[in-house]
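Below is one structure, written out as structure tokens, with a few remarks after it.
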Amino acid sequence: LKEVVPNRAHLALAQLEKKSGFKLAIITQNVDDLHERAGSTNVIHMHGELRKIKNLKSGEIKYFEDSIEEPLYKIWRPDIVWFGEAVPAIEIAVPLVNSADIFVVIGTSLNVYPAAGLISYTKAGIPKFIIDPNEVYIPNELSFTAIQKQAGDGCVELKSKIQQYV
């Protein structure tokens, strides 16, 4: 995680937030901090953050840089959602999706729930886009515009497509 850097998609979204006049919220399933490092300021991590740890007794969450030494590892764990655990951030994500004036899905097959179910909380009639190089199934009644490109190229194209909504 320390060696990876934000890609063109992360940078394009951060630029969209800063220069377009849009109030942008990013809801990500990724546990990295690449959106923040690119400059995005409103990021909801559905599955937690790998660079944070959580105290199993007190619930305290803090950043960490190195490994946890014995006996601390017995009361601290990575602050991420493991398979089968509840996804507390869904309670933040659903109202954001429901209030969105434009909705964009980037780089997902829409097979991981509960995040994939967020598309059903979009308002009718708003512009909706999906960016993915593969064909992704979305029910027809949700009417998404597909941009079949990798995330970097797709986000660059998205920026030009949504300028009409500013």
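The values are calculated or read from the model by the stated rules, or taken from the named source; none is laboratory data. Just so it is clear, the model here is predicted, and its values are computed rather than measured. When we count neighbours, we look across all protein chains shown, and the Cβ atoms used for this are built from the backbone with ideal geometry, even at glycine. We work out accessible area using only protein heavy atoms, side chains counted, and drop any ligands, DNA or RNA first. Shrake-Rupley method; radii C 1.70, N 1.55, O 1.52, S 1.80 Å.
In table form, for the structure just shown:
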| read-out | value |
| --- | --- |
| For ILE44, distant residues with modelled amide H under 5 Å away | ILE26, ILE27, THR28 |
| Dipole-positive endmost among SER20, ASN7, PRO133 within the chain (Cβ charges, Cα centre) | SER20 |
| Relative counts (whole %) of C-alpha pair distances in the range 78-166, using bins that are 10 Å wide | 15, 44, 33, 7, 0 |
| Between 0 and 90°, nearest 10: helix 90-99 axis offset from the chain longest Cα axis | 20 degrees |
| Accessible heavy-atom area order of ARG8, ARG77, highest first, probe of 1.4 Å | ARG8, ARG77 |
| Nonlocal amide H pairs with VAL104, under 5 Å, H built at 1.01 Å | PHE129 |
| Heavy-atom accessible area order for THR108, THR145, largest first, 1.4 Å probe | THR145, THR108 |
| Whether the chain is rounded, prolate or oblate, judged on the alpha carbon gyration tensor where a/c under 1.5 counts as rounded | prolate |
| Using alpha-carbon coordinates, inclination of helix 151-162 to the longest axis of the chain, degrees | 50 degrees |
| Surface share of carbon and sulfur [accessible, 1.4 angstrom probe, percent] for the chain | 53 percent |
| Computed accessible area, SER160, all protein chains, 1.4 angstrom probe, square angstrom | 80 Å² |
| Degrees between helix 8-19 axis and first principal axis of the chain (Cα, 0 to 90, nearest 10) | 70 degrees |
| Whole-Hz couplings from phi, Karplus 6.51/-1.76/1.60, listed for the range 109-122; x for Gly and Pro | 7, 6, 10, 9, 9, x, 4, 4, x, 4, 4, 6, 9, 6 |
| Under Karplus coefficients 6.51, -1.76 and 1.60, residue-wise ³J(HN,Hα) of the range 133-144 in Hz, glycine/proline x | x, 9, 6, 10, 6, 9, x, 3, 5, 8, 6, 9 |
| Per residue solvent-accessible surface (Å²) - the chain, probe of 1.4 Å | 61 Å² |
| Local net charge near SER160, Cβ-Cβ under 15 Å (Lys/Arg +1, Asp/Glu -1) | +3 |
| Whole-Hz ³J(HN,Hα) from phi, Karplus 6.51 cos²θ - 1.76 cosθ + 1.60, for the range 45-58, glycine and proline x | 9, 4, 10, x, 10, 5, 8, 10, 10, 10, 7, 5, 8, 9 |
| Accessible-area value, LYS18, 1.4 Å probe, nucleic acids and ligands omitted, Å² | 130 Å² |
